[in-house]
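The values are calculated or read from the model by the stated rules, or taken from the named source; none is laboratory data. Not measured: the values here are computed from a predicted model. Glycine gets a Cβ as well: all are built from the backbone with ideal geometry, and neighbour counts include every protein chain shown.
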Amino acid sequence: MATNTSAATSSCTYCSKIFNDPRMLNCLHSFCKECLDKYYDEEGSGTNLKCPNCEISTPLTAVGRIDLLPKDLQASYEADITTYELKMKSKKEIECDRCVDPENGPAVSFCCNECKFLCKVCTKDHKTWRKTLHHELINLSEKKKKGDVLKNIPHAPMTCNAHPDATLTYFCESHHILLCRDCVLLEHKSCEYQMIKIAAKAEKADLLSYLGKVEEIRAKLEDAMGHGDKVMQRVNATHKTVDNSIKNTFKALYEALRSRERALLSVSGDIALGKETALRMQHENVKKFHDDATKTCKRIKAATEVYTPAEMLSTKTTMATKLQYLMKLFQETILESCKSEVMPTSLDNAALLKDIQLFGQVIAGCCPSLSTATIEFIPKAVKSRERKFVIQARDSQDKPYPKGSEPVYATIRLMGSEESPTTLAVTDNENGTYSISFTPTSIGKHVLSVTISNEHIKRSPFIVYVREPRDYTALNASIQTFKAPTNVCGVALDEHSNLYVTLDNHSIVAFDKSGTQFSELGTPGSNSSDDGKFYYPRGILLKNDLMYVADWDNHRIQKLKISGDLVAKFGTEGSGKGQLNCPSGICMIPEGKIFVSEYGNNRVSVFEADGTFCSHITGQGQKGGDMKSPRGIAIDPTGNLHVTNYGGSTLVKIYSQCGKYISEYGGDKVTSACGICIDAEGYSFIGGTYANPGRVEVFDSEHKHIKTITAVSNIWHLTLDNDGFLYAADFSNSQVQKY
C-alpha cells in the first residue's frame, strides 16, 4: 500500500491509524514516529532507513535517530482535522481539553487559536481572560445542528519537542530545522536563523525554482510517456499483423497439404484400379482356359469309356490334337498374378516434420533488461586511464543473443555536475557483444548509463568510482597501521571506509578512518557455535548494511547486520551439497551469488544470497584445474574468479563463474598464498603466509609480476578502498597495514 505523495493524508499506512507525530522520509512518504521506531528496530541498520512502502533509502543523521527526521506538519494538521471530525460525528459527548472537572459538562465550543475543545466553564473563562479574549470560538451545538464538522480551521500551535511549553517561531538556516526561543538562546545562538514567515519566503522561492526545473522534466516525461503509448499501440498493431501472417501462412500450408493429399489419393486410386483391371482380365482368361480344359477332359474321358473301338479310332487323332493344344497353351499361360498387392509409397515424414518444427521464426531481438555489462563486477576506474568493459546482449530467455546491430548507447557524467553527459564510443562485435571504453578526466562518483533501444540494461545506470592513479611499483612502507587486540585474519571496508577485521580470538572489531576502534562482535577469547558468535572467523564481506562472515571452525557462513544481529546462516560441516569444511575466502557478484573457498574440501561452493546452494567449483577433470587447500577468492573486472591455491605449487588459479578452469599465474613468487584482492584495472594483490619475511606480491592485468611489498609478518586477507589504497591483514603482529 502506497501513500499519496502529492498531498498530505491523515493516516499512517504502516499502522493504518490516524497519524501520531508523523515524520517524513526523503521519498515524501510519512509515518508515525512510533511506527518508524518499530520498523527500524525490525528492519533498519546503521544510518539508513528504507521506506516501508517504496524501499527508497533515507539517510539518518545518527544511528537510530528517527526523532531527527523532519516532522510532517501538514500530515499532522490533516490528522488533527480527522480527529476533530470523528469527535463531532460521534454520538458520545466531547470532553473538554482544558479542565478535568466532570461537573463542568462536555465541550460546548472549539477554540480555533489553541485547537482545543472547551466546556461551558472554560468557554466563559476563555471569553473573559485577557490572553484569550480575542480567540475565535466555534459553537459546537450550532455546528452539530447543521450537521457540519470542523473544517478549514487554522493549524494547531507548533510546540517545541525539546521545550514543550515554547512555540516554534524561528527557522535555523544552518541546520534547516524549526526552533523555539529557548532553542535559539541555548543551542543555536551561533547559527543563522530567521522568523519562520521571513525564512519561508526565501525557502519557498528556492523550492519553486527547483519545482520549475522538475516541472520541465515532468513535461518531458509526459512527452516520453505519450511517445511510449504510441509505440505500445504500434507494438500491438504489429503483434496482430504478425499473428495474422502466421495464421495465413499455416492456413496456406494446410491447404497445400490437403491438395497434395488429394493428389496422392487420386494416384493411389488410379494405380489400384489399373491393378484390379489387369488382374480381372487375367482371371477371366485363366477361367476360360480352365472351363475349356474341364469340358475337353470330360468329353475325352467319356469317349474312352463308351466309344466303340471303331468310334474311338476315328476321332482319336482329333482328340489327341486338342489335348496337345491344351498342354501347349498351359505352358504359355502365366498362372502367377500379373499384379501384386504391393503399392510402393514415398511418405517418409521425419524430415518434413523436422522442417515443420523448425519452420518459421518470430525474432524478438535482445532483451535490454536482461543484458549485462562487465563494469558491474568492479564498478571502479582510474583518472586519465582507459577503462574498458563489454556489454553482453541477452534474449528474453536470458540466453546470450548472438546477433549484432542493436542500438547500444552509453553515456557517463560526474555525479552532481551540471555538464551534459559524455557519449561513449560503442564497438559492435557482431556477435551479440559490444565493447565500450572511457577515460575519466575527474575523480569522484560517476553515473554510467547504458541503454539498448532506449531501454536501460540490467543495473544501469551504474555508479562508477573514479580515483587518482597509483603507481603500485612505488609501494613500500605502510602509511597507516590499525592495531588490533590479537592476530588479524580477514579485512573488509564498508561504504564509509570503516574497517572491519576478523580476529583469531573469535571476534570481529571495527575501526573508523583514524584507526579508532568503535565496535566489537562475538565473544573475544571464547569460541561458540551460537548465532552471532564465531569460532576462528576468517574471510569477511560487507554489502550495504550486511556482513557475511566465513566462520572457519563452525563450518558455516553467517549473514549479519552491521550491528551484529543475525539475519541468516548456511552451511554445516561436511562435503555434500550446501555443506562446508573450513570456509576461508568469500566474494559476491552483483546478482547476489556468493562464492566461498573451502580450505578443507579443496573447492569453491556457490550459494544464492539467501544461502540456497547452487553448485561446486572444483576444477576436477580439467587439466591443471584442481585446487589444493584454497583460501583467498576475488573477482576480476571481467567477472572471472581468482582463487589462491594455498597448498599447491600454483599461486592463483582462474575459473569462470560456471566452474570452467581458464588459467593460472604466479606460482614461483609466494609460498602458501592466502589473501587476494583485485582492482578496477585487473591488478591483483596476493598475500603470502609463512614466508620470511611476509610479502604482498603485485601482478598487472596481464598477470605479470611487477612488485613485491615486504611486510614484517604473515599476510592473510587483503582489500582495497575506493581510492586504491591497500589494506593487508598482518596476522602475527595483530595489525592491519594500509599502503
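Note on the stretch 390-439: residues that are among the polar types (S, T, N, Q) and either outside the structural domain of residue 377 (by TED's automatic domain parsing) or in a strand (DSSP E or B) (or both) total 8. Here 609, 550, 634 are screened, and the one residue that is farther than 27 Å from residue 689 by Cβ and either outside the structural domain of residue 722 (by TED's automatic domain parsing) or not β-branched (Val, Ile, Thr) (or both) is 609. For the stretch 651-658, the criterion of being of a type in the set (A, V, I, L, M), assigned by TED's automatic domain parsing to the domain that holds residue 614 and out of contact with any Phe, Trp or Tyr (no Cβ under 8 Å at 6 or more places or on another chain) is met by none of the residues.
Of the residues 563, 529, the single one that is under 27 Å from residue 602 (Cβ atoms) and not basic (Lys, Arg) is 529.
Give 85, 55 a once-over and let me know the one that is surrounded by 11 or more Cβ atoms within 10 Å (Cβ to Cβ) and not β-branched (Val, Ile, Thr).
Details: 55 fails: surrounded by 11 or more Cβ atoms within 10 Å (Cβ to Cβ).
Answer to the check: 85.
Taking the condition of being assigned to a loop (DSSP other than H, G, I, E, B) and either closer than 25 Å to residue 132 by Cβ or of a type in the set (Lys, Arg) (or both), how many residues in the stretch 142-194 meet it? Steps first, answer last, please.
The first filter runs over the stretch 142-194 and keeps only residues assigned to a loop (DSSP other than H, G, I, E, B), leaving 146-158, 160-166, 173-176, 187-192.
Still in the list and also either closer than 25 Å to residue 132 by Cβ or of a type in the set (Lys, Arg) (or both): 146, 148-158, 160-161, 163-166, 189.
Number of matching residues: 19.
Just name the residue that is surrounded by the most Cβ atoms within 10 Å (Cβ to Cβ) out of those in the stretch 543-576 that are touching a Ser or Thr at 6+ places or on another chain (Cβ under 7 Å) and charged (D, E, K, R). Ranking the candidates gives 556 first. Within the set 150, 207, 137, 168, the sole residue that is closer than 21 Å to residue 77 by Cβ and in contact (Cβ under 8 Å) with a residue 40 or more places away in the chain turns out to be 150. Inspect the stretch 652-666 for any residue being among the acidic types (Asp, Glu) and either within 24 Å of the chain's Cα centre (by Cα) or surrounded by fewer than 19 Cβ atoms within 10 Å (Cβ to Cβ) (or both) and give the result as yes or no. Checking the stretch 652-666: not a single residue is among the acidic types (Asp, Glu) and either within 24 Å of the chain's Cα centre (by Cα) or surrounded by fewer than 19 Cβ atoms within 10 Å (Cβ to Cβ) (or both).
Every test in (1) farther than 13 Å from residue 488 by Cβ; (2) more than 33 Å from the chain's Cα centre (by Cα) is passed by residue 722 save one, and that test is (2). Return the total of residues in the stretch 454-479 being farther than 18 Å from residue 680 by Cα, in a loop (DSSP other than H, G, I, E, B) and either more than 21 Å from the chain's Cα centre (by Cα) or at pLDDT 95 or above (or both). So the count comes out to 4. Checking each residue in the stretch 609-651 for being farther than 20 Å from residue 669 by Cβ and of a type in the set (Lys, Arg) picks out only 623. Set side by side, the residues 247, 151, 189 differ, and just one is at pLDDT 90 or above and either more than 42 Å from the chain's Cα centre (by Cα) or not β-branched (Val, Ile, Thr) (or both), which is 247.
Residue-wise test of (1) closer than 30 Å to residue 145 by Cα; (2) out of contact with any strand residue (DSSP E or B) (no Cβ under 6 Å at 6 or more places or on another chain); (3) assigned to a loop (DSSP other than H, G, I, E, B).
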{"residue": "16", "(1), (2), (3)": "no, yes, yes"}
{"residue": "27", "(1), (2), (3)": "no, yes, yes"}
{"residue": "37", "(1), (2), (3)": "no, yes, no"}
{"residue": "53", "(1), (2), (3)": "no, yes, yes"}
{"residue": "64", "(1), (2), (3)": "no, yes, yes"}
{"residue": "78", "(1), (2), (3)": "yes, yes, no"}
{"residue": "97", "(1), (2), (3)": "yes, no, yes"}
{"residue": "103", "(1), (2), (3)": "yes, yes, no"}
{"residue": "114", "(1), (2), (3)": "yes, yes, yes"}
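Could you please tell me which pairs satisfy a Cβ distance under 9 Å, a separation of 6+ or placement on different chains, a first residue in the stretch 258-272 that is assigned by TED's automatic domain parsing to the domain that holds residue 344, and a second residue that is not in a helix (DSSP H, G or I)? Within 9 Å, the pairs are 264/345; 264/347; 268/343; 268/345; 271/343; 272/343. Of all residues in the stretch 295-315, those that are in the same structural domain as residue 326 (by TED's automatic domain parsing) and touching a residue at least 24 places away in the same chain (Cβ under 8 Å) have Cβ atoms under 9 Å from Cβ atoms of residues that are aliphatic (A, V, I, L, M) and part of a helix (DSSP H, G or I), 6 or more apart or on another chain, in 296/319; 296/323; 296/326. For first residues located in the stretch 319-333 and touching a residue at least 24 places away in the same chain (Cβ under 8 Å) and over 14 Å from residue 301 (Cβ atoms), partners that are aliphatic (A, V, I, L, M) and assigned to a helix (DSSP H, G or I) and lie 6+ apart or on another chain with Cβ distances below 9 Å form the pairs 329/293; 330/293; 333/286. Scan the stretch 171-179 and tell me whether some residue there is surrounded by fewer than 13 Cβ atoms within 10 Å (Cβ to Cβ), in contact with a strand residue (DSSP E or B) (Cβ under 9 Å, 6 or more places away or on another chain) and assigned by TED's automatic domain parsing to the domain that holds residue 82. No, the stretch 171-179 has no match at all.
Residue-level check: of (1) in contact (Cβ under 8 Å) with a residue 60 or more places away in the chain; (2) assigned to a loop (DSSP other than H, G, I, E, B); (3) over 28 Å from residue 139 (Cα atoms), residue 9 misses just (3).
Listed conditions (1) over 21 Å from residue 592 (Cβ atoms); (2) surrounded by 11 or more Cβ atoms within 10 Å (Cβ to Cβ); (3) among the polar types (S, T, N, Q) are all met by residue 357, apart from (2). The C-beta contact set for the stretch 103-126 (first residue assigned by TED's automatic domain parsing to the domain that holds residue 137, second residue part of a strand (DSSP E or B) and hydroxyl-bearing (Ser, Thr, Tyr), distance under 8 angstrom, 6+ apart or interchain) comprises 117/109; 118/109; 123/109; 126/109. In summary, residue 702 fulfils each of the numbered conditions (1) buried (at least 24 other Cβ atoms within 10 Å of the Cβ); (2) assigned to a loop (DSSP other than H, G, I, E, B) with the single exception of condition (1).
Kindly evaluate residue 87 against the criterion of being touching a Leu at 6+ places or on another chain (Cβ under 9 Å), basic (Lys, Arg) and modelled with pLDDT of 85 or more. Steps first, answer last, please.
Working: touching a Leu at 6+ places or on another chain (Cβ under 9 Å): yes; basic (Lys, Arg): yes; modelled with pLDDT of 85 or more: yes.
Yes: the conditions hold for residue 87.
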